[in-house]
Every structure is written in structure tokens, then in C-alpha cells.
Amino acid sequence: MNPLLDHIHTCPYCGYSELEAFSPYFPPGALDMINSKVVDAWIPQDYCQDRTITVAINTYKLAIYCGTLLWLVYISGLPGSSGV
């Protein structure tokens, strides 16, 4: 087992993915963004088993995408977000 392959937490039910080090803070509007861009398009997959390199790359991509969505909500100044 390679710990680098399992560094990403991915929900098998909704597809939300995050690094172990991600902040638990979700800016206002982020949950709606994750639901519309990730959850609604998710085809259930179980990433909870030992991962191959290809599967690990997919989980990293999901985590980057989810993190990007959270950041976009934060910087866009959506109602209720602090924006920069």
C-alpha cells in the first residue's frame, strides 16, 4: 500500500473529494456549487479500496476540481461569501 495513492478522501456516494489537509470551512454558496457541478454528475464509484495509480490520479483530479469550485465561490463574491 502506497500512502500517496490514498491521500485523497473521496465520498463514494456524492463524489466530493478533498485532501486530508483541506479546511472544513465551506464558503456560503459552496455546497450549492458542489451539488450542481459534482454531485449531480456523479456516477457512484468506490474509491475506498486499495488504489492503482490510475485510480489515485482520478481522485487527485476530483479533489483539485472540488477545491477549485470552493475557491471560485470564495473569490467570486457570491452573496454571503467574503470574496477578495
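In table form, for the structure just shown:
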| read-out | value |
| --- | --- |
| Selection from segment 51-84 of residues that are at pLDDT below 90, open to solvent by 60 Å² or more (accessible area, probe 1.4 Å) and in contact with a helix residue (DSSP H, G or I) (Cβ under 8 Å, 6 or more places away or on another chain) | LEU72, TYR74, SER82, VAL84 |
| Flag if ILE43 is under 25 Å from LEU4 (Cα atoms) and touching a helix residue (DSSP H, G or I) at 6+ places or on another chain (Cβ under 7 Å) | no |
| Residues of segment 30-50 satisfying the condition of being under 17 Å from LEU69 (Cβ atoms), open to solvent by 30 Å² or more (accessible area, probe 1.4 Å) and not in a helix (DSSP H, G or I) | TRP42 |
| Residues of segment 15-29 satisfying the condition of being part of a loop (DSSP other than H, G, I, E, B), open to solvent by 40 Å² or more (accessible area, probe 1.4 Å) and either over 26 Å from THR54 (Cα atoms) or of a type outside the set (D, E, K, R) (or both) | ALA21, PHE22, SER23, PRO24, TYR25, PHE26, PRO28 |
| Hey, PRO12 surrounded by fewer than 16 Cβ atoms within 10 Å (Cβ to Cβ) and more than 15 Å from ALA63 (Cα to Cα) or not | no |
| Output for segment 1-14, where each listed residue is outside any loop (DSSP other than H, G, I, E, B) and either of a type in the set (A, V, I, L, M, F, W, C) or on the phi > 0 side of the Ramachandran plot (or both) | LEU4, LEU5, ILE8 |
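The values are calculated or read from the model by the stated rules, or taken from the named source; none is laboratory data. What you see is a predicted model; the values in this text were computed from it and never measured. Here Cβ is always computed from backbone atoms with ideal geometry, including for glycine, and neighbour counts include all displayed protein chains. These area figures cover heavy atoms from the full protein model, side chains too; ligands, DNA and RNA do not enter into them. Shrake-Rupley method; radii C 1.70, N 1.55, O 1.52, S 1.80 Å.
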